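Q: Mind looking over this structure? Questions follow.
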Amino acid sequence: MDLLREIGRSLRELLLRLGTLIRRHWKLFLFIALAIGLVFLVFFVQRRRQYRSYRVISSQKLDDASGTGYQLFQNNILAYNTDGNSYMTTAGDLLWSQSYQMSSPHLDAGDVYAVIYDRGGTGIYLFSKEGNRAHITTNLPVAEAKVADNGSIAVLMQNDKVGYLHLYNADGNLTASGEVHLETTGYPVSIAISQDGQRLALALADVSGGKAHSRLQIYDFGAAGKNADKHIVASFDYDDSLIGEIAYVKGGNLAVYTDKKILLYHNHTKPGLLNELPVEGQIRSVYFNQSYFGYITTSTNAAGQNTLYLYTFNNRGRRVSRAQIDMSYNRVEMLANNEIALYGDKRLEIYNLAGTRKFSGDLKSAVGAVIPGSGSRDYLFVREGSLDHARLK
């Protein structure tokens, strides 16, 4: 009882002192409260504000060939096409370039490394911000390649009825390999590599016998998979469902896109299901970075009318936004600032994580890439032949 009385006495003294302090400095407390409220108000308004036009602040001429792709990489721009690639600042100043010959160049860029490979060919190049790190020539056509933050490259190749998985280090040396027999496991459709390069995920599909079947296999090339058969630490089968794409997100979780639901697996010693997200409608496109992932669906009402919806989730599977889309788009991309860009022929829409359509407008010409600038309204529009610094208005 004495202890309780002492606690009560101390609490009353604290409240009296706090009341005296507020009475003496009420203007200061009022100012702080108003300042905090103003910050929240500005934040809310910025997240809900919409723009329908823009003005070009400055423009830089580019000499890249037709069909060039662009990607933000290490705060600069990586441009690539069939004849080679170049690395330039956001002001358009060339830092370095690399020549090669590819029929169908594809890019996978992480936080530290980027890989450019010839889909259907045999050439693979690994790059850091300093330039070319490794050149790999495979003995079979490359179907897909993915890069980890430590420079490890996962490569999927295929020949007749056998798929081949190769893992290379940052020096271009082969460190692990395996085979996938299509008659028993299915056709490889997508691969993913964890940020630390320890785990490789492979999605397989089989439609023989008129039934859809998918399998997910997870390989571990570290301690967890040392004693596992063929380094496979987990395998999951899905009846009447097809996997379209897989991707590792921040924290090591693996996102698996099927035609009926999105599955999220944790990256523990023994991988297991973390979250299952039902899909509302039919998936049309997917997008992701290391922090968020999402998809666009087509939903059909009773009258047969189709409506597009955009759904975005964090890396643990919690939905952060849903938005209706009225635009006819060609592709979707998640930007470095976690906004979602929808590209049309000469139209662009940008959505933020609140689900607000931040920008919707017509463009004077098609944009190959959108790169967030230093301000919330500033962007780089990379077009064929020019690099435009634009500001929304």
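Q: Please verify whether Ser374 is under 20 Å from Phe73 (Cα atoms), surrounded by fewer than 20 Cβ atoms within 10 Å (Cβ to Cβ) and without any contact (Cβ under 8 Å) to a residue 12 or more places away in the chain, treating the condition exactly as stated.
A: Yes; evaluated as a whole, the condition is true for this residue.
Q: Same structure, new question: For the subset of the stretch 51-78 comprising residues that are farther than 14 Å from Asp378 by Cβ and aromatic (Phe, Trp, Tyr), which member is surrounded by the most Cβ atoms within 10 Å (Cβ to Cβ)?
A: If we take residues in the stretch 51-78 being farther than 14 Å from Asp378 by Cβ and aromatic (Phe, Trp, Tyr), then Tyr70 is surrounded by the most Cβ atoms within 10 Å (Cβ to Cβ).
Q: On the basis of being at positive phi, out of contact with any strand residue (DSSP E or B) (no Cβ under 8 Å at 6 or more places or on another chain) and either surrounded by fewer than 18 Cβ atoms within 10 Å (Cβ to Cβ) or not assigned by TED's automatic domain parsing to the domain that holds His231 (or both), does Asp111 make the cut?
A: no
Q: Looking only at residues in the stretch 79-102 that are β-branched (Val, Ile, Thr) and surrounded by fewer than 17 Cβ atoms within 10 Å (Cβ to Cβ), which one is farthest from Val370 (Cα to Cα)?
A: Thr82
Q: Now, a different point. Pull up the stretch 140-188, narrow it to residues that are among the acidic types (Asp, Glu) and at pLDDT 90 or above, then point me to the one that is nearest to Ile246 (Cα to Cα).
A: The selected residue is Glu144.
Q: Here's something else I'd like to know. Working only within the stretch 170-201, note down all residues that are over 14 Å from Leu254 (Cβ atoms) and not in a strand (DSSP E or B).
A: Ala170, Asp171, Gly172, Asn173, Leu182, Glu183, Thr184, Thr185, Gly186, Gly197, listed by residue number.
Q: Within the stretch 292-314, count every residue that is at pLDDT 90 or above and either out of contact with any Gly (no Cβ under 9 Å at 6 or more places or on another chain) or closer than 22 Å to Asp108 by Cβ (or both).
A: Of the residues in that region, 8 qualify.
Q: So, one more: Which residue is farthest from Asp111 (Cα to Cα), if the candidates are limited to the stretch 225-242 and must be surrounded by fewer than 18 Cβ atoms within 10 Å (Cβ to Cβ) and small (Gly, Ala, Ser)?
A: Per the stated criteria, the residue is Ser241.
Q: Taking the stretch 330-365 only, how many residues are over 15 Å from Phe381 (Cβ atoms) and free of Cβ contacts under 8 Å to residues at least 24 places away in the same chain?
A: Total satisfying the criteria: 1.
Q: Tyr351 is checked against (1) out of contact with any strand residue (DSSP E or B) (no Cβ under 9 Å at 6 or more places or on another chain); (2) modelled with pLDDT of 95 or more and fails just one. What number does that condition carry?
A: Here Tyr351 meets the rest and fails (1).
Q: Return the residue satisfying two criteria in turn: it lies in the stretch 334-378 and is acidic (Asp, Glu) and closer than 19 Å to Phe293 by Cα, and of such residues it is farthest from the chain's Cα centre (by Cα).
A: Looking at residues that are acidic (Asp, Glu) and closer than 19 Å to Phe293 by Cα, I get Glu349.
Q: Being within 27 Å of Ala336 (Cα to Cα) and β-branched (Val, Ile, Thr) is the filter here; which residues of the stretch 259-291 pass it?
A: Once the filter is applied, which keeps residues that are within 27 Å of Ala336 (Cα to Cα) and β-branched (Val, Ile, Thr), the stretch 259-291 yields Ile262, Val279, Ile283, Val286.
Q: When you look at Glu245, is it exposed (fewer than 14 other Cβ atoms within 10 Å of the Cβ) and not polar (S, T, N, Q), yes or no?
A: no
The values are calculated or read from the model by the stated rules, or taken from the named source; none is laboratory data. Bear in mind that the values here come from a model prediction, so they are computed numbers and not experimental data. Positions of Cβ are generated from backbone atoms using ideal geometry, with glycine treated the same way; all protein chains shown enter the neighbour counts.
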